[in-house]
């Protein structure tokens, strides 16, 4: 059941938080993750910043997400998988050539090197719409979070962090627990 932040407590007891967040994401390969961490450390040093460098196993690009759940319905997973499986796109390269901030985070960003990623996300958004998955949140600003707990106000050019995207994943992120549970991976073929 989706999160309902307006639901009052029952008999004075607060409801247990819904901690399962369903996300479609792309994971960088190991080399790109290591490079992203190096760029993050350099950015912290150059700008006198603190914060925590993101766990390499959790680094990702969010393509879209669904609401929070106590238990994710199997029917929703099936519908998302059906939509994801219909995509026909060849593997493509992404290249992040800037580092800077969002509120409370430092992220990798880019421009021209992300056009294929933007086209892929638009195709995925359309595939989900065909399945009438209205609960999908598909606003998209391509980035990879590399530091939490510190805004990165300065945007700087960096040596690009580049990799070839060969698949994407449907994941349950256990909110606040630093854990991803990969439900399915969808290879890019086309």
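The values are calculated or read from the model by the stated rules, or taken from the named source; none is laboratory data. Note that this is a predicted model, so its numbers are computed, not measured. Every residue, glycine among them, receives a Cβ derived from its backbone with ideal geometry; neighbour counts consider all protein chains shown.
What to note about this one:
- Of the residues making up the stretch 163-179, those that are at pLDDT 85 or above and either in a strand (DSSP E or B) or under 24 Å from residue 49 (Cα atoms) (or both) are 163, 164, 165, 167, 168, 169, 170, 171, 172.
- Single match in 151, 142, 160 (criterion: assigned to a loop (DSSP other than H, G, I, E, B) and in contact with a helix residue (DSSP H, G or I) (Cβ under 9 Å, 6 or more places away or on another chain)): 142
- From 101, 110, residue being at pLDDT 90 or above, crowded, with 18+ Cβ neighbours inside 10 Å and more than 15 Å from the chain's Cα centre (by Cα): 110
- Failed item in (1) in a helix (DSSP H, G or I); (2) in contact (Cβ under 8 Å) with a residue 40 or more places away in the chain; (3) surrounded by fewer than 21 Cβ atoms within 10 Å (Cβ to Cβ); (4) under 15 Å from the mean Cα position of the chain (by Cα), with residue 79 passing the rest: (4)
- Against the test of being out of contact with any strand residue (DSSP E or B) (no Cβ under 8 Å at 6 or more places or on another chain), free of Cβ contacts under 8 Å to residues at least 24 places away in the same chain and under 28 Å from residue 72 (Cα atoms), the options 129, 123 yield a single qualifying residue, 129.
- Given (1) in a strand (DSSP E or B); (2) within 16 Å of the chain's Cα centre (by Cα); (3) surrounded by fewer than 18 Cβ atoms within 10 Å (Cβ to Cβ); (4) modelled with pLDDT of 95 or more, index of the condition residue 118 fails: (1)
- The lone exception for residue 92 - which of (1) over 19 Å from residue 35 (Cβ atoms); (2) in contact (Cβ under 8 Å) with a residue 12 or more places away in the chain it fails: (1)
- A residue that is assigned to a helix (DSSP H, G or I), touching a strand residue (DSSP E or B) at 6+ places or on another chain (Cβ under 8 Å) and within 18 Å of residue 186 (Cβ to Cβ) occurs nowhere in the stretch 91-101.
- Residue within the stretch 59-74 that is at pLDDT below 90, surrounded by 17 or more Cβ atoms within 10 Å (Cβ to Cβ) and part of a loop (DSSP other than H, G, I, E, B) present: yes
- Candidate set from the stretch 180-190 (those that are assigned to a strand (DSSP E or B) and out of contact with any helix residue (DSSP H, G or I) (no Cβ under 8 Å at 6 or more places or on another chain)); member that is surrounded by the fewest Cβ atoms within 10 Å (Cβ to Cβ): 187
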